[in-house]
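First up is the structure itself, then whatever we jot down about it.
The values are calculated or read from the model by the stated rules, or taken from the named source; none is laboratory data. From a predicted model like this one, the values you see are computed outputs, not experimental measurements. All Cβ positions, glycine included, derive from the backbone under ideal geometry; neighbour counts span all protein chains shown. Note: accessible area is taken over every heavy atom of the protein model, side chains too, but ligands, DNA and RNA are not part of it. Shrake-Rupley method; radii C 1.70, N 1.55, O 1.52, S 1.80 Å.
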Amino acid sequence: MWWKNSVVYQIYPRSFKDSNGDGIGDLQGIISKLDYLAYLGIDVIWLCPVYQSQNEDNGYDISDYKNIHYEYGTMKDIEMLIEEASKREIKIMMDIVANHTSSEHEWFKEARKNKNSPYHDYYIFKENKGSVPSDLQSIFLDSAWEYNQQTNEYYLHMFAKGQPDLNWHHKPVRDSIFDILQFWVDKGIKGFRFDVIDLIAKEINEGIIGDGPKLHEYIKEMTKNVLSKADLITVGETWGATVEKAKLFSNKDGSEFSMIFNFEHILLDQQPNKEKWDLLPLDLIKLKEVFKAQQQGLYNEGWNSLFWNNHDLPRIVSRWGNDKKYHKESAKMLATLLHFMQGTPYIYQGEEIGMTNMKFESIDDYKDIETLNLIKTRKKLGYSIEDILKSVDAKGRDNSRTPYQWNDKKYAGFSDVNPWILVNNNYVNINLEKQIGDQSSILEYYRKLIYYRRHSVYRDIIEKADFNLLYENHSEVFAYERTYKNQKLIVLCNFYDQKVFIDDKITYEKVLITNQKDVLLENGINLRPYEAIVLIASDQQ
Ligand code: TEU
Ligand code: CA
């Protein structure tokens, strides 16, 4: 399974690189940066949706799965991207949104016209009995039901009302999705990321939204019909996943996905049963427990994806690192922690240069539909603007959607004109050009991490070794060791901005990588703020 040594790079096309001066990133922009991605060393690009879309949710509301959104380019451009990437041994993973379409998709336009349309059963409609069918809330806030006058019914939308949910229990829906997948496989793409895939098998009458009883049956059907026939990397986005569920989704017999995104670690600083917007300080002990459960749980049973960031999450360096005084150290420490675990790492654009969260000055500068809905809802509930913005600044999705910072020229080299969303002012200091070739930079550090996993003599141990926590109850240090054959890899990370000392002596042969100039391990373990060390040792038994 080739993807066990892969490193995936996630591109949010709207904010990656504008090639034609309209302030919006596009496919030709990506093509112009393929040499950079080859230099970085990644081998898979996860391309967020570029299909024809109403763009209410930046491409996650698709109106035609077999066409490209005009702002991003044409079918020719994506064919060129696939080809140019392949010349550089980079594969393209498409983002498939199969839980819902846009309300402007032909299927829905037909479906809503009359109950007898062959497309009516493609969606989930409920008769109007004088009030909304249930008090179900959409993930983007407010009711999940929208009235449809033409048929005097309500339709279900778990996200925005422009994103009606598909009815996967209807066989033609599944066949239509499989047909779309085949279309892209035939174009030469080598993987898929499945948006909110754990929601597809909902049983609305039983009140079941996630993990419907037929979920795995449908995924198996999809794999059997399309996915398994091509040698693909596949990853399901599953916000409700646990280790036990991950075992099923990524099960060894290959009947489902290569892996899923399990968000258990990311959800740790959210208050149970509280809104996801109000974050708690991180509990490191719990973080260690979660990773241990994932690493040990899927060992020989499935496969992990390793990620801190994506286009829905605030930047990790601002969240659990320190994006001011210890910007470099903490960005590298967080990368180290993840990249020596078992699984396939995902790097979200800009993470590799330490891009940070964004502080928007004006409420009018936010673009994300989820954020805008939150502002509206909380205003109605009487929250103060300051309070609302505090939550948005900590958790809002626009934090990670600002333009890629290529250099210190105007608009950070992203575009020649004012971009669709503001550029983070720190681009003058944090940009790619400044980091290329600078051996102390975050970028060059990421390059080494990628190299170790993909090409070095440590490739096997990184891919195959087991996982054990060290100093499990230590509240500031995250340390683990991995053993494979006679070799041992030891990772020591100080998660905070204070020095720590552990009275223990480690014997080792070699320092593989560290984010400091030297290591202080002679008289016990001394770790400076956010220090990260990776050691190679023999397993003396
Ligand atoms: O995200 C699923 C999802 O649940 C997110 O909306 C998440 O809960 C939230 O953004 C966290 O703040 C996927 C896509 O990744 C996201 O961009 C889409 O908006 C969403 O599905 C709908 O397609
Ligand atoms: Ca453009």
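The mean sequence distance of close C-alpha pairs (under 8 Å, at least 6 residues apart), as a share of the length of the range 106-156, puts its relative contact order at 34 percent. For the range 308-381 and the range 72-145, compute the distance between their C-alpha centroids and round to whole Å. Between the Cα centres of the range 308-381 and the range 72-145 lies a distance of 27 Å.
Where in the range 211-225 is the amide nitrogen less than 19 Å from a point lying 7 Å along the Cα-to-Cβ axis of K171? So the set is 214-225.
Taking a label point 7 Å from the Cα of S32 along the Cα→Cβ vector, which residues of the range 46-72 have an amide N closer than 15 Å to it? Correct set: 72.
Each of M75 and T242 was given a label point 7 Å from its Cα along the Cα-to-Cβ line. The distance between the two points is 4.6 nm.
I need to check one value: relative contact order of the chain, counting alpha carbon pairs closer than 8 Å and at least 6 residues apart, in percent. Over the chain, the number comes to 13 percent.
Estimated from helices alone, the mean residue ellipticity of the chain at 222 nm is -8000 deg cm²/dmol (sum of -39500 (n - 2.57) over DSSP H runs with n ≥ 4, per residue). Using a simple spin-label model with pseudo-atoms 7 Å out from Cα toward Cβ, L141 and K252 lie 4.7 nm apart.
Highest mean packing comes first when the peptides 293-299, 337-343 are listed by Cβ atoms within 10 Å, giving 337-343, 293-299. For I233, the residues whose modelled amide H falls within less than 5 Å of its own, excluding neighbours fewer than 5 places apart on the same chain, are G191, F192. Name the residue farthest towards the positive end of the dipole of the range 361-453 from the options V428, L389, N418, assuming +1 on Cβ of Lys and Arg, -1 on Cβ of Asp and Glu, about the Cα centre. Among V428, L389, N418, the one farthest towards the positive end of the dipole of the range 361-453 is L389. Per-residue SASA remark: S134, around 50 Å² accessible (1.4 Å probe; ligands, DNA and RNA not included).
Centroid-to-centroid, using Cα positions, the range 208-242 and the range 244-264 are 9 Å apart. Here's the picture: a label point sits 7 Å out from the Cα of K324 along the beta-carbon direction, and within the range 402-426 the residues with their amide nitrogen under 16 Å of it are 426.
The stretch between T377 and S117 holds 90.0 nm of extra length on full extension. This uses 0.36 nm per residue minus the Cα-Cα distance.
For the range 251-262, 3J(HN,Hα) computed residue by residue from phi via the Karplus equation (6.51, -1.76, 1.60; θ = phi - 60°) reads 4, 4, 6, x, 7, 10, 9, 5, 6, 10, 8, 9 Hz, glycine and proline entered as x. Loop-located trypsin sites (Lys or Arg not before Pro) across the range 91-142 with a Cβ neighbour count of 12 or fewer within 10 Å are K129, with loop assigned by DSSP.
Only lysines eight or more places from K410 in sequence, or on another chain, were considered; those with a Cα closer than 19 Å are K17, K33, K359, K434.
Ordered by solvent-accessible area of protein heavy atoms (1.4 Å probe), largest first, the residues K324, K161, K276 come out as K324, K161, K276. Here is the list for the range 300-394: GluC sites (Glu not before Pro) lying in DSSP coil, each with at most 15 other C-beta atoms within 10 angstrom of its C-beta, are E301, E361. Distance between the pseudo-spin-label points of K276 and E289 (7 Å out from Cα toward the beta carbon): 2.2 nm. Only lysine pairs 8 or more places apart or on separate chains count here, and in the range 464-538 those with Cα atoms under 25 Å apart total 11. About its Cα centre, the chain has a charge dipole of approximately 660 debye under the convention of +1 per Lys or Arg Cβ and -1 per Asp or Glu Cβ, with nothing else charged. Placing unit charges on the Cβ atoms only, positive for Lys and Arg and negative for Asp and Glu, gives the range 464-538 a dipole magnitude near 340 debye about its Cα centre.
Note on S440 and K220: the extension gain reaches 74.6 nm, defined as 0.36 nm multiplied by sequence separation minus the Cα-Cα distance. When the surface is traced with a 1.4 Å probe over the full set of protein chains, W277 keeps roughly 10 Å² accessible. Against the compact-protein benchmark of 2.2 N^0.38 Å, the Cα-based radius of gyration of the range 106-156 scales to 1.12.
Among the trypsin sites (Lys or Arg not before Pro) within the range 420-490, those in coil by DSSP and having at most 15 neighbouring Cβ atoms inside 10 Å are K485.
Reducing the range 423-469 and the range 487-520 to their Cα centroids gives an inter-centroid distance of 18 Å.
Shown for the range 464-538: the carbon plus sulfur share of the solvent-accessible area, taken with all protein chains present and a 1.4 angstrom probe, equals 43%. Measuring only protein heavy atoms, the 1.4 Å probe finds D387 accessible over about 80 Å².
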